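A short write-up of the structure that comes next.
The values are calculated or read from the model by the stated rules, or taken from the named source; none is laboratory data. Owing to the predicted nature of the structure, the values given are computational and were not obtained by experimental measurement. Because the Cβ atoms are built from the backbone with ideal geometry, glycine has one as well, and the counts that use them run over all protein chains shown. With ligands, DNA and RNA removed, areas are computed over all heavy atoms of the protein, side chains included. Shrake-Rupley method; radii C 1.70, N 1.55, O 1.52, S 1.80 Å.
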Amino acid sequence: MEGLTIVYLAYTFIAFYFLFIYVLTYIQNRKNIYEIIKPKREYSVSIIVPCYNEAESIGRNIQALLASNYKGLKKIIVVDDCSTDNSYEIIKGYAKKFSKVMALKTPKNTGCAAGAKNYGAKFVKTELIGFSDADSFPGVNSISNMVGFFNDTKMGAVTSRVLVSNRDNTLSRIQSIEYKIIAFTRKLLGFLDSIYVTNGPLSIYSKKAFDDVEGFDEKNLTEDIEITWHFVSKGWKVQMAVPSKVYTIVPDNIKAWFKQRIRWNVGGLQTLSKYRKKYLQTGMLGLFIMPFFAFSWILGLVGLFLLLYRFTQYLMVKFLITKYSIASQVALVQMNQFNLNPSILFFFGIVLFTLGFTYTLIALSYSKEKEFGRHPLRDIFIYSLFYLLMYPPLLIISFFKFAKGKHEW
Amino acid sequence: MSGKMLKSRKNVFWEALIITIAIFMMGLFLGILIETSNSNKIGDLFTQSEISLVDGMAILKLSEESNISCEVLKEQNINFANKIYEEAKLLEEYETSGKLTDGMKLLHKKYDLLRTLLWMSNQESLERCSNYNLIVYLYSYNSEETNTKATQNVWGKMLLDIKENRNDILLLPIAADQNLTSLDILLSEYEIESIPAVVINNKDILYELENKDSVETHLP
């Protein structure tokens, strides 16, 4: 057997394994995906909103939080990180009008969301502390659907389901599919105690757990991933409330999208590096989350290299054949060159793609939205065939940035 | 979370592993089954071709003693070469799709030996009857070099084209890097310098790609 065939088979095996973990988890827990736990009592909650130059969306965010039907929501602490636009004026306006809203300003720009979040956390006096991005809009019952999970005293964090608010072009529409797949997958990981990120748009933490991990790591580009790993490493539980929807604004141009994804990946690498000693140690962080994270990277990179290697070789041979065929006056293509006997590797690829595509469709069927209707099949195909291929190059660039120590927002 | 759920949560990793191994094994087993069946198919064809070759060699031997015409020899040789050419195409197709077993590689080697024997037997008959043309195309089987791959592809297409346009061509493509001692001796006899090479009527040897018309000038 050729070396490349062995690599391909190993790659397929790992991909199948991860896919089957999801499929089995889904089959065993499908009735609990939308579970809501009734809170034993009314837990007091404060929500912190970090804000930097978000004049366009901050008002909508505050209004969404004010509209929450959870009576235990005591404070909405909006922290302006020395914006250069009129964000702070807008925040102050809301604070004047609503006693629940507290307007804060950091002494100087912290340069990252984590800085503003930690600053706001100093003013929290409630049992639970939540965070919501200024460009995100939680639903009316989002908070009330989350707090019941804190009946478990070991619950450290509960995250919500993020959906895309702006769907004006193909890129944002594809992301709306991607976010649903991510949310569905995250819930499945929740059944395995393996949620590896509590998103920025809306997550609620136990204040005790938050203090235990000493807040967000301000040096990390993805403080929401880092804090989640910190919770898990300290034995706190992390869960997700699927019925808690929060709409967010996603990048609608390639440049902004690229910048955001590089930040996510570099932050992921920072976290992986920070917790490297936990690798393969007991607990879900070391035994599953970290290998899962690392394997996702390896799969992406190996896949890209395999694809690039085969494709470059194919193109070079085709180019030379064309060149020599023209020079020798020989037909470029002959009928007998077509091979109608595909290899077993091809069949494995087809099965893997079909299962992956079915998984995508199941995930989407669990995320129906009255507001937006169905996704066109064309968008689902673009997501499955092309969008996912953009991940591996991002990983490579992120890796170089991480290696060079370029960790900036 | 209940104890039952906790248990099922841990089990999912093993269950997924077992299912993956089962599916993988089934896939590999099916793949090996298909490849073995293809090997057997080619193996059967090879046995028939082996018989035809021995038959052809017997005819050649007879022709030395009796009055068998050159036309019969030509027809027998070309028909046989065409037959193994078609089988070689099928073999190549199966070989490309065969990833798990090495059965096809061995069959390829056996076919190369068969074609070498045919080349050798044709040295004699071509000397006696010059009523057909013998083109031996020596190519590299193991080369991964892009330029060699491309050159061989074009040579293959061109020679097939020439063969299809004339009915007096005996085309013998032989992989020259299969470690066959008889073939290696033959190559040194012809002083073959590099591969790919095209030997026309056991006289002219072409190394560089030429255009079709230029190659045809070597054919009477």
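Among residues belonging to the stretch A:281-302 that are in a loop (DSSP other than H, G, I, E, B) and within 14 Å of chain B (Cβ to nearest Cβ), point out the one that is modelled with the highest pLDDT.
Here is the first cut: in the stretch A:281-302, the residues in a loop (DSSP other than H, G, I, E, B) are A:281-283.
The next check asks that each one be within 14 Å of chain B (Cβ to nearest Cβ); those that pass are A:282-283.
On the way: A:T282: 66, A:G283: 74.
This residue is A:G283.
Cβ contacts < 6 Å: first residue on the phi < 0 side of the Ramachandran plot, restricted to the stretch A:182-208; second residue assigned to a loop (DSSP other than H, G, I, E, B) and open to solvent by 10 Å² or more (accessible area, probe 1.4 Å), any location; separation 6+ or different chain. Result?
A:F184/A:Y366; A:G200/A:D133; A:P201/A:D133; A:K207/A:E127
Looking at A:K318, A:K274, which is the one that is open to solvent by 30 Å² or more (accessible area, probe 1.4 Å) and at pLDDT 90 or above?
Working: A:K318 fails: at pLDDT 90 or above.
A:K274 is the lone residue from the list that is open to solvent by 30 Å² or more (accessible area, probe 1.4 Å) and at pLDDT 90 or above.
Kindly establish whether A:K31 is open to solvent by 50 Å² or more (accessible area, probe 1.4 Å) and away from chain B (no Cβ under 13 Å). Show your work before the answer.
Details: open to solvent by 50 Å² or more (accessible area, probe 1.4 Å): yes; away from chain B (no Cβ under 13 Å): no.
Considered against the rule, which asks whether it is open to solvent by 50 Å² or more (accessible area, probe 1.4 Å) and away from chain B (no Cβ under 13 Å), A:K31 comes out as no.
Just checking, how many residues over the stretch B:180-210 are touching a residue at least 40 places away in the same chain (Cβ under 8 Å) and open to solvent by 50 Å² or more (accessible area, probe 1.4 Å)? Before you say what the answer is, go through the steps one by one.
Let us first name the residues in the stretch B:180-210 that are touching a residue at least 40 places away in the same chain (Cβ under 8 Å), namely B:180, B:182-183, B:186-187, B:192, B:195-202, B:209.
The next check asks that each one be open to solvent by 50 Å² or more (accessible area, probe 1.4 Å); those that pass are B:195.
Qualifying residue count, the stretch B:180-210: 1.
Can you tell me which residues in the stretch B:75-86 are within 13 Å of chain A (Cβ to nearest Cβ) and either under 12 Å from B:H108 (Cβ atoms) or open to solvent by 60 Å² or more (accessible area, probe 1.4 Å) (or both)? Show your work before the answer.
So the first thing to find is which residues in the stretch B:75-86 are within 13 Å of chain A (Cβ to nearest Cβ), and the list is B:85-86.
Selection gives B:E86 alone.
Checking A:T110 against (1) assigned to a loop (DSSP other than H, G, I, E, B); (2) within 14 Å of another protein chain (Cβ to nearest Cβ), which test does it fail?
If we test A:T110 against (1) assigned to a loop (DSSP other than H, G, I, E, B); (2) within 14 Å of another protein chain (Cβ to nearest Cβ), just (2) comes out false.
With the stretch B:146-220 as the region, which strands (runs of 3 or more DSSP E) entirely inside it contain at least 3 residues that are in contact with a Ser or Thr (Cβ under 9 Å, 6 or more places away or on another chain)? Before you say what the answer is, go through the steps one by one.
Values: elements: B:169-175, B:197-200, B:204-206.
Of the strands (runs of 3 or more DSSP E) lying wholly inside the stretch B:146-220, those with at least 3 residues that are in contact with a Ser or Thr (Cβ under 9 Å, 6 or more places away or on another chain) span B:169-175.
So B:F24 ticks every box in (1) surrounded by 13 or more Cβ atoms within 10 Å (Cβ to Cβ); (2) more than 15 Å from the chain's Cα centre (by Cα); (3) in contact (Cβ under 8 Å) with a residue 12 or more places away in the chain but one. Which box is left unticked?
Only one criterion in (1) surrounded by 13 or more Cβ atoms within 10 Å (Cβ to Cβ); (2) more than 15 Å from the chain's Cα centre (by Cα); (3) in contact (Cβ under 8 Å) with a residue 12 or more places away in the chain is unmet by B:F24, namely (3).
What is the residue count in the stretch A:100-147 for residues that are crowded, with 22+ Cβ neighbours inside 10 Å, of a type in the set (G, A, S) and over 18 Å from A:V162 (Cβ atoms)?
3
Tell me, which residue of the stretch A:1-11 that is of a type outside the set (A, V, I, L, M) and facing chain B (nearest Cβ under 8 Å) is surrounded by the fewest Cβ atoms within 10 Å (Cβ to Cβ)? Don't jump to the end; show me each part of the working.
First, the residues of the stretch A:1-11 that are of a type outside the set (A, V, I, L, M): A:2-3, A:5, A:8, A:11.
From the residues that got through so far, the ones that are facing chain B (nearest Cβ under 8 Å) too are A:2, A:5.
Values: A:E2: 8, A:T5: 14.
If we take residues in the stretch A:1-11 being of a type outside the set (A, V, I, L, M) and facing chain B (nearest Cβ under 8 Å), then A:E2 is surrounded by the fewest Cβ atoms within 10 Å (Cβ to Cβ).
Among the residues of the stretch A:167-187, is any β-branched (V, I, T), open to solvent by 10 Å² or more (accessible area, probe 1.4 Å) and touching a Phe, Trp or Tyr at 6+ places or on another chain (Cβ under 7 Å)?
Taking the stretch A:167-187 and keeping what is β-branched (V, I, T), we get A:170, A:174, A:177, A:181-182, A:185.
From what is left, the residues that are open to solvent by 10 Å² or more (accessible area, probe 1.4 Å) are A:170, A:181-182, A:185.
Remaining after also requiring touching a Phe, Trp or Tyr at 6+ places or on another chain (Cβ under 7 Å): A:185.
Checked against the condition, which is being β-branched (V, I, T), open to solvent by 10 Å² or more (accessible area, probe 1.4 Å) and touching a Phe, Trp or Tyr at 6+ places or on another chain (Cβ under 7 Å), the stretch A:167-187 yields at least one hit.
Would you check if there is a residue in the stretch A:53-65 being within 14 Å of chain B (Cβ to nearest Cβ), part of a loop (DSSP other than H, G, I, E, B) and surrounded by fewer than 19 Cβ atoms within 10 Å (Cβ to Cβ)?
Restricting attention to the stretch A:53-65, the residues satisfying the condition of being within 14 Å of chain B (Cβ to nearest Cβ) are none.
The answer is no; no qualifying residue exists.
Given the options A:V250, A:V266, A:V242, A:V246, name the one that is within 19 Å of the chain's Cα centre (by Cα) and either small (G, A, S) or part of a loop (DSSP other than H, G, I, E, B) (or both).
On the way: A:V266 fails: either small (G, A, S) or part of a loop (DSSP other than H, G, I, E, B) (or both); A:V242 fails: either small (G, A, S) or part of a loop (DSSP other than H, G, I, E, B) (or both); A:V246 fails: either small (G, A, S) or part of a loop (DSSP other than H, G, I, E, B) (or both).
Answer to the selection: A:V250.
Just a yes or no: is a residue in the stretch B:127-140 over 27 Å from A:F319 (Cβ atoms), among the hydrophobic types (A, V, I, L, M, F, W, C) and part of a helix (DSSP H, G or I)?
no
Select from the stretch B:92-126 the residues that are under 14 Å from B:I174 (Cβ atoms) and within 11 Å of chain A (Cβ to nearest Cβ) and list them in ascending order.
B:E92
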